[in-house]
Every structure is written in C-alpha cells, then in structure tokens.
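The structure appears right after this line, and notes come after that.
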Amino acid sequence: MKSKHLMVSLVLLGLLSASFSGCSSSTSSSSTSSDAGTSTSSTISSVSSDSAQTAPAENEYGVAQISPTPITLRIYASKGAGTPDYNDMEHMKKYSEFTNVFVEWEQPPQDLSTERFNIVIASNDLPDMFWNIKEDQFTQLKTAQAIIPVQDYFANCPNMLQVISDHPEMENYIYDPDGNAYSLPFFDGLTVNDPMILRKDWLDKLGMELPVTKDDWYQYWCGVRDNDMNGNGDPSDEIPLSGTSFDGILSLVSAFEMDNGFFVDPSDGNKVKYSFYDPRYEDYLTWIHQLWEEKIIDSDILTTDSKTLTNNTALNLVGSYRGKLNGQLNTFMTTMPENIEGFELLATEPIMSDNGVQFHPGSVPLVRTDTIGGVVTVTSEYPKEAVEYCDWFYDFSDPYGGAFMNIFGYEGVTFQYNADKTDYEYTDWVLNNPDGLSPQQALQTMTTRCQHPSYVPPIGSFKMWHPATVASYENNEPFYTESLKYKIPNLTFSDADAKTVRSIMADVTTYVEEMTAKFMTGEVSLDEYDTYVQTIQSMGIDEVLDIYNTTYSVWNQPRS
Amino acid sequence: MKTQKLSVGDKIFKTANGLLLIIFCALILYPLLWIVSGSFSDPFALMTGKVHLWPVNPTLRLYKVVFMHPDIWTSYGNTIVYTIVGTFISVALTCLAAYPLSRQEFFGKKFFTAVLMITMFFSGGMIPTFLLVQQLNMLDTIWAIVLPGSMSVYNTIVMRTFFITTIPKDLEDSAFLDGANDIQFFGKIALPLSKAIMAVMVLFYGVTHWNSWFSAFLYMSSRERYPLQLILREILIQGNTSIAGGGGDNDLIGEGVKFATMVVATVPIMCLYPFLQKYFTKGVMIGSLKG
C-alpha cells in the first residue's frame with residue numbers, strides 16, 4: 001500500500017512538472033524543444049538532399065504529401081503484445097516516404113504502459129503524439145494542459161471528416177462541450193461486445209428457442225441444471241450461469257432497465273442514476289438471490305476469472321456467461337469443437353425487461369472512450385502535420401487505405417479479391433497459417449492492427465473469426481442505438497467535483513459490491529434493503545448524482 | 001559393502017530416513033516434472049486436468065509458439081550478454097567493496113558501512129532513478145541494465161563476513177613482511193582464497209541478471225535490445241489487446257505456453273548449478289557458520 005501511495009505522489013509530481021513546462025513553454029521548455037529542433041534538422045539535411053525535390057505527387061497509396069521537407073515526429077504508441085516494430089512495416093515506411101513525415105517510435109507494451117507513460121511524463125520530454133492511451137492517462141494529460149485542442153487541424157483531413165459526418169451521433173463524443181476536440185478519435189466498429197453467450201447445442205437438445213425474456217432464460221438455466229447436458233452421467237455437474245467475474249452478474253441489471261453503475265435513464269428525462277441506489281435494484285437483488293438459491297449461478301462466481309471459465313468450458317460444464325465476441329466466443333468456437341462433440345456457442349439478443357425494454361449493457365460508443373486514439377502535445381512543433389499524418393488511418397478503402405492496410409494487409413499476401421473484385425477475403429496463409437500462427441498472430445507480423453487513431457468497421461475483424469461471431473454480433477447490433485442512450489460518457493469534472501466524486505465513490509463502490517454479493521448469497525437478508533439504501537445515502541451518493549447530472553446535462557447539449 | 005553389522009534400530013532408522021528423504025525429494029521434483037510434462041502435452045489435456053505425471057498426447061506445439069516469436073533468438077543473445085557483463089561488474093564491485101570493509105584498520109569503515117546500509121532501506125524510487133539514467137545518457141544501452149543496482153549490499157555483507165573469517169590478520173601481516181602491498185595481497189592472496197564465495201556471488205548475481213526484466217522494460221526502447229524475459233512475457237500475454245482487431249486467441253493454449261516459457265527461461269540458468277554447486281554449499285556454509 002505504502003509504495004503505491006509513493007508512486008501516486010511521484011506521478012503527480014511528474015504531472016505537475018509537465019504542466020509547469022506546458023504553461024511556460026516560452027521559457028523553460030524552449031531549451032528542450034530547441035534541442036529537439038536541432039536533432040531533427042540534422043536528420044532533415046541528411047535526407048532532404050536526395051528526396052525533397054523528387055517527392056512524388058502521385059503515388060500508389062494516393063496520399064498527398066504533408067510536408068514539403070522531410071520532418072520527424074516522435075510518437076509514443078502503446079500496443080498490444082505481439083505487435084512487431086512499426087519501423088519494420090513496409091506500408092508504414094512507404095507512407096512516410098510519400099508524406100515526408102517520418103516517425104521515431106516509442107512502443108511500450110500496452111499492459112505495461114502505465115509505468116512507461118509515467119516516466120515519459122516525468123522525464124519532461126514529451127513526444128509529439130501519444131497513441132492508444134488509457135482514459136485516465138488522457139485525463140491526466142488534459143488536466144495538466146499537456147495536450148492541445150486539435151479540431152482546427154481537422155480541415156485537411158478528408159478521411160476523418162468523412163467518418164465524422166457519417167456518424168453524426170458521435171459528435172458529442174468527439175468534441176467537448178466548449179467545442180474543443182482534444183483527441184483524434186478511434187472509431188472501433190465492434191460496438192456491441194460482451195453479450196450473453198449460451199450453448200446453442202444444449203439449447204437445441206432441450207428443444208428451446210433462443211431466450212429473450214427473463215423467464216425464457218430461467219427455463220434454459222433450469223434445463224441445463226436438471227439434465228445431463230454434457231452426457232457424462234452426472235446430471236448435476238453443469239453450471240447454468242457463470243462468467244469471467246462478478247461483473248457479469250452485476251450487468252444483469254440491464255434486465256431491469258438499468259446499466260451497471262452510473263447510467264442515463266432515457267425513460268426519465270435523461271437523468272443520471274446509480275443502479276445500486278435505484279428502487280428497481282431491489283427487484284434485481286431478489287431475482288439473483290433466487291437464481292443463487294436455486295443453484296443456477298456458479299457457486300464460485302465471486303472468485304472466478306477468465307481462466308476458470310476457460311477450464312470449465314473445456315470440461316464441458318458451462319451453460320452461459322457474458323463473454324467477448326473476440327475473446328471467449330471466437331476462441332472457444334475455434335478450439336473446443338475438435339475436443340467436444342457438437343460444441344456450439346451463440347450470443348443472444350439482450351435480455352428483455354418486464355416492460356419490453358431491451359438494451360445491451362456491453363455496448364460501447366463507436367468512438368472508443370476507454371482507449372484514446374491519439375493526442376498532440378503542447379511541445380510538438382508539428383501539430384498540423386501530426387494530425388494530418390493520422391488521416392490516412394481513417395481511410396478504409398481497399399486496397400490502399402491506411403486503416404484497410406493495417407487490418408487486411410497486402411493483396412496476394414494476406415488478403416485476396418474474389419473473381420469480380422467486389423469482395424475480399426483473408427488468404428489461406430492467414431486463416432491456416434503454415435507456421436501454426438493464429439490468424440491474428442499471422443496478421444500481426446505485418447500490420448499495426450489499427451491500435452491508433454483510425455476507423456475500423458466491424459467487417460475488419462469478422463473475416464478472420466469464426467462465423468458464430470458474425471451471427472452473435474448481428475443478434476445484438478440492432479440494439480446499439482437504443483443501448484447507447486443508457487451509457488454514460490467520460491465526463492470531465494471540475495477539480496473540486498472530481499475530488500468529491502472520488503472520495504465518496506471510494507467508499508460506496510466497495511460497499512455496494514460487497515452488499516450485492518451478500519444479498520445474492522443470502523448472507524444478508526433482503527429485509528435489510530432499506531438499511532442498505534440509507535447507508536449509501538449517508539455516504540453522500542446524492543451529492544455525487546447531482547454532480548453527474550449537472551455535468552452530463554452540459555455534455556448532452558448539441559455541439560454548435 | 002558391509003563394514004559392521006547394523007542393529008535393528010539402526011536399520012529402522014536408516015530405512016525411515018531414506019523413505020522420508022525420497023518423499024521429500026519427490027515433493028520437490030514433482031512440480032518440476034509436471035511443468036516439463038505439461039509443456040510437452042496437448043494444451044487441451046492440460047487445461048482439463050488430464051496431465052498428471054507424463055505428457056499426454058505429446059506435442060511440440062507449445063514450444064513452437066515460443067520459438068516462433070521473431071525476437072526470441074536476439075533476446076536470448078541479449079540476455080546472455082547482459083548476464084555475463086552484469087555479473088562480472090557486480091562481482092567485481094562487490095569484491096572491491098567487501099574486502100576493504102573486512103579489514104580492521106580500514107579508515108572510515110563504520111561510515112562506509114552505514115552509507116551502504118542506508119541504501120538497503122531507502123531508495124530514490126522509480127522515476128528519479130529513471131531521470132538519473134536518462135541524464136547519464138544511458139537510456140537504450142546495455143549500461144542502463146547492468147550499472148544501476150549492480151551491487152547488492154546484502155551480498156556485500158555476506159562477502160565481507162567471508163573475508164573477515166577466512167583471511168586472518170596474520171596472513172596479511174606475513175604477506176606485508178614479505179613485501180606485498182595492499183593491492184598485491186588482495187589480488188594474489190585474498191581473491192584466490194575466496195573462490196567459494198565468488199562462485200556463490202556469480203550464482204546469485206547471475207540468476208538476478210538472468211531473471212531481470214523490469215529495468216530493461218523501463219530503459220530500453222529498441223526491441224532488438226530486449227532481454228529474453230521481456231519477450232517471454234510478451235508471448236504469455238500475446239493477443240490480449242483491447243483493440244478492434246484484438247482477440248484473446250491464445251487464451252486456450254495460454255496455460256501451456258506458460259509452462260513452455262518456464263522451461264525455456266529456466267533451463268539455461270539451471271545448467272549453471274551443477275558447476276557451482278560444490279562451491280555453493282561450501283561458501284554459504286562458511287558464511288553462515290562462522291559469520
């Protein structure tokens with residue numbers, strides 16, 4: 001614990017110094033930027049002699065030159081494990097040559113990017129851009145005024161503007177209420193993930209239709225519990241409802257027209273509410289208590305993780321859970337059927353509430369809010385070029401759009417056209433790699449997989465996944481627009497508000513999750529529900545809700 | 001070979017003792033064997049708990065995943081270089097610090113000991129250390145890995161104790177009578193007499209350098225300078241990206257890959273043990289018994 005505090009204060013110190021240099025960019029940081037300037041100009045002189053005059057206006061990618069003389073950007077690009085060096089990718093090299101924008105990459109592994117990010121901030125030597133950073137890191141940079149608004153540079157980004165105008169509902173996610181956009185958005189077409197997944201073959205065996213209502217699900221779960229679905233002679237070892245964590249159970253509140261945690265209630269004038277403090281929460285608790293008592297919920301649900309789920313699935317025990325299309329669903333469907341006969345998974349449409357409301361709690365806005373595509377720092381000498389450099393990655397036209405190339409790769413190598421050139425598929429080299437790589441690993445050897453500001457329609461991923469993911473996606477996609485109404489965006493609070501929210505929610509979050517578990521298992525009787533509500537109230541939840549409502553109503557205004 | 005007849009009690013004791021030792025040995029060997037077996041088994045069998053002692057459906061698939069990684073061989077080379085250079089520097093520094101501190105008449109002995117001890121309890125923290133390394137222009141070089149923290153105070157104290165107990169003052173006096181100076185005594189007499197503790201230090205530091213990955217992660221930005229541990233770590237979590245194209249497609253064989261990486265990472269350093277073992281027991285015994 002102690003070392004954690006130390007770390008936090010160190011990071012804050014680092015941030016302070018970053019913000020300091022941000023404010024006084026004319027004085028103290030000028031020395032660092034001039035350093036950078038001299039080093040880049042030396043690269044310029046070495047490169048420009050042979051390529052500046054002969055820079056092609058027309059090139060195979062059809063991209064315009066961004067800078068008349070070669071410039072070098074420094075980009076911090078965190079990326080998933082297994083993604084190789086961006087320096088080695090042919091199309092990225094060519095793109096740099098066509099645009100005259102070269103990049104010096106800093107590429108920390110995504111899962112360790114917290115430490116790396118902190119030291120980059122602390123070293124007071126900011127790169128021109130950060131790519132693929134987490135939401136809290138984005139907030140850090142923004143609060144420290146280390147990043148600049150970029151919307152003025154969008155003008156020369158035709159591809160990005162096209163995507164933005166194709167998705168007008170995303171405007172509020174891209175621009176702040178004051179009209180500033182601090183990040184280059186990352187459009188991820190996989191908007192409905194984390195659905196309820198069930199064993200389609202078991203459902204068929206039970207002779208049932210795909211469940212929609214709570215009762216349908218209850219029938220399915222009872223069927224799984226009471227029958228020997230896996231045919232191992234033991235009718236009672238099946239687990240009807242499991243998950244990768246307790247959150248999977250918490251998200252079942254969607255069946256009561258709420259979203260887990262803070263959510264917007266479109267049926268009540270778009271007020272922000274807190275599911276754990278909502279009158280309907282008692283109904284939910286009653287329901288999951290019943291499921292627990294009837295041994296439908298996995299008895300290990302409070303300690304389970306994705307590894308346990310994988311093991312239990314491999315042992316042919318699990319009947320349903322919330323899982324990822326690109327995670328459990330695809331992985332299990334590509335690997336389990338060879339070991340378990342008839343194994344088939346399908347994600348169903350969202351569970352319907354008693355009032356007929358259906359929304360999908362795993363929906364995320366098209367503009368990713370948990371991962372920020374890209375930001376430009378105050379110390380950058382080339383903010384315009386940096387933004388324009390990213391524009392190509394919003395172009396998903398085949399075969400030479402930047403986003404397309406980073407998902408599908410090269411024609412003839414990783415993808416091929418069909419006879420009349422209307423559609424394309426991954427090649428056999430990707431789908432059945434001779435070296436035993438999975439499709440994703442094979443693609444990763446030559447593409448960035450768009451882990452940066454970009455536009456990726458869902459089709460990009462589906463073509464290498466199991467067909468069941470497509471069917472599952474299509475079951476949930478129609479509910480996307482409706483579901484988004486319940487979702488609370490990343491709100492930027494004032495410092496004082498943020499502090500209040502943090503200090504109150506630190507207590508509340510722990511308390512409500514503990515109590516939910518206790519209500520579920522019956523350790524605390526539901527007669528105590530009123531005391532529970534009063535406790536949250538006395539912790540100050542109303543104050544937090546006020547802050548949320550005020551901030552959200554500002555956010556929810558149309559941008560001019 | 002029977003030299004004398006054993007009494008019944010002796011026999012019972014010896015048998016029981018032998019049995020206990022065998023059980024103890026099995027307790028230690030079983031997990032090792034299990035990991036090796038697991039790494040050669042079918043990942044699905046491993047996950048469903050079918051691997052008990054010997055590999056089930058033996059396959060090299062898991063090793064293929066590990067060795068398919070494009071950076072594995074460069075990183076292997078890097079780790080060997082870092083380990084050798086790092087161990088050399090560490091052992092040299094430790095000797096040079098431990099020997100003077102072991103001499104009675106060394107000026108400021110208490111002061112230097114205190115200075116060293118303080119660093120055992122307080123450190124500058126990650127970010128100041130990073131800034132230091134940065135300002136020394138050591139980022140992205142081998143020195144960032146082998147220099148910071150190259151000397152362990154704990155090991156220095158172990159070594160100092162060894163010097164105190166095995167190199168008596170009398171030896172020093174007689175060497176000086178024969179005309180040796182401090183440096184000659186240290187180089188020609190003290191060091192050759194300390195092979196045992198040197199071997200122990202080589203092992204301690206060698207293992208530390210072999211296993212270290214965090215400093216490389218902090219200070220290295222070029223992939224071609226990554227050590228093995230960082231790459232192995234990457235293999236383990238491969239595919240766990242949160243991004244559009246990302247899917248955890250290694251989930252299923254992940255467990256098995258862990259086993260294979262464990263074997264790949266530990267076998268080379270385990271090869272060191274047989275050569276150093278005789279010194280190892282001797283060195284630590286001396287240090288602990290008389291220290």
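Hey, what do the phi angles of the stretch A:319-325 turn into as Karplus ³J(HN,Hα) couplings, whole Hz, using 6.51/-1.76/1.60 and θ = phi - 60°, x for Gly and Pro?
With coefficients 6.51, -1.76 and 1.60, one gets x, 6, 5, 8, x, 8, 4 Hz.
Between A:ASP268 and A:THR509, how high is the FRET efficiency from 1/(1 + (r/R0)^6) when r is the Cβ-Cβ distance and R₀ = 22 Å? Nearest 0.05.
With R0 = 22 Å, the Cβ-Cβ based efficiency is 0.45.
As a test of the definition: which semi-axes, in Å, follow for chain A when you take the square root of five times each eigenvalue of its alpha carbon gyration tensor? Largest first, please.
Result for chain A: semi-axes of 43, 31, 20 Å.
Using Cβ contacts closer than 10 Å as the measure, can you line up B:ILE89, A:ILE147, A:ILE75 from fewest to most?
Fewest-to-most ranking of B:ILE89, A:ILE147, A:ILE75: B:ILE89, A:ILE75, A:ILE147.
List the lysines whose alpha-carbon lies under 19 Å from that of B:LYS11, not counting same-chain residues fewer than 8 positions away?
B:LYS2
What does the charge count around A:SER503 come to, taking other residues whose C-beta lies under 13 Å from its C-beta (Lys +1, Arg +1, Asp -1, Glu -1)?
Within the 13 Å Cβ shell, the charges total -2.
Checking understanding here: applying a Kyte-Doolittle mean of at least -0.5 and a length along the axis of at least 18 Å (C-alpha), which whole DSSP H helices in chain B pass?
Result, helices passing both filters: B:8-39, B:72-102, B:109-121, B:153-166, B:195-211, B:251-270, B:272-290.
For the stretch A:504-548, take the convex hull of the Cα atoms, compute a quarter of its surface area, and give me that in nm², please.
In nm², the orientation-averaged hull projection of the stretch A:504-548 is 3.1.
Can you work out the Karplus-derived ³J(HN,Hα) for every residue in the stretch A:377-387? Use 6.51 cos²θ - 1.76 cosθ + 1.60 with θ = phi - 60°, whole Hz, and x for glycine or proline.
After applying 6.51 cos²θ - 1.76 cosθ + 1.60, I find 8, 5, 7, 5, 8, 10, x, 5, 5, 4, 5 Hz.
Translational diffusion coefficient of the stretch A:127-248 at 4 °C, 1.567 mPa s, Stokes-Einstein with Kirkwood Rh over Cα pairs, in µm²/s as a whole number.
67 µm²/s
How large is log10 I(q)/I(0) at q = 0.14, 0.16 Å⁻¹ when the Debye formula is applied to the Cα atoms of the stretch B:64-290, each weighted equally and without solvent?
Summing over Cα pairs of the stretch B:64-290 leads to -0.99, -1.17.
Which ordering of A:ASP216, A:ASP395 is given by a fewest-first count of other beta-carbon atoms within 10 Å?
A:ASP216, A:ASP395
If one computes the Cα centroid of the stretch A:166-231 and of the stretch B:30-99, what distance in Å separates the two points?
So the separation of the two Cα centres works out to 40 Å.
Rg(Cα) of the stretch A:242-335 divided by 2.2 N^0.38 Å?
Output field value: 1.24.
Less than 30 Å apart at the alpha-carbon level, and either on another chain or at least 8 residues along: which lysines does that give for B:LYS5?
Excluding near neighbours in sequence, the set is B:LYS14.
Per residue and in Å³, how big is the convex hull formed by the alpha-carbon atoms of the stretch A:406-514?
Given the Cα convex hull of the stretch A:406-514, per-residue volume reads 211 Å³.
In the protein assembly as shown, what % of DSSP beta bridges are antiparallel (nearest 5)?
Roughly 60 percent of the DSSP beta bridges within the protein assembly as shown come out antiparallel.
Compute the acute angle (0 to 90°) between the alpha-carbon long axis of helix A:281-293 and the principal axis of greatest extent of the alpha-carbon atoms of chain A; round to the nearest 10°.
It is inclined by approximately 60 degrees.
Calculate I(q)/I(0) for the stretch A:308-443 by the Debye formula, one identical point scatterer on each C-alpha and no solvent, and give its log10 at q = 0.13, 0.14, 0.18 Å⁻¹ to two decimals.
Relative scattering, expressed as log10 I(q)/I(0), comes to -0.93, -1.02, -1.18.
From the C-alpha coordinates alone, can you work out the Kirkwood hydrodynamic radius of the stretch B:8-59, in Å?
Taking every pair of different Cα atoms in the stretch B:8-59, averaging 1/r and inverting gives 12.6 Å.
Percent of Cα-Cα pairs more than 12 Å apart in the stretch A:359-401, please.
Summing the P(r) of the stretch A:359-401 above 12 Å gives 73 percent of all pairs.
Using only the alpha carbons of the stretch B:1-92, determine the length spanned along each of the three principal axes and report them from longest to shortest in whole angstroms.
64, 49, 21
Can you give the Kirkwood hydrodynamic radius of the stretch A:91-172 from its Cα pairs, in Å with one decimal?
15.4 Å
Given N residues in the stretch A:177-318, what is its alpha carbon radius of gyration divided by 2.2 N^0.38 Å?
Its radius of gyration relative to the 2.2 N^0.38 Å reference: 1.26.
Size of the stretch B:1-154 along its principal axes in angstrom, Cα-based, largest extent first?
For the stretch B:1-154, the Cα spread along each principal axis is 62, 55, 29 Å.
Each reported figure results from applying straightforward, stated rules to the coordinates on display, with no laboratory input. In this text the structure is predicted, and so the values were computed from the model without any measurement. Counting neighbours? That spans all protein chains shown, and the Cβs are built from the backbone with ideal geometry, glycine included.
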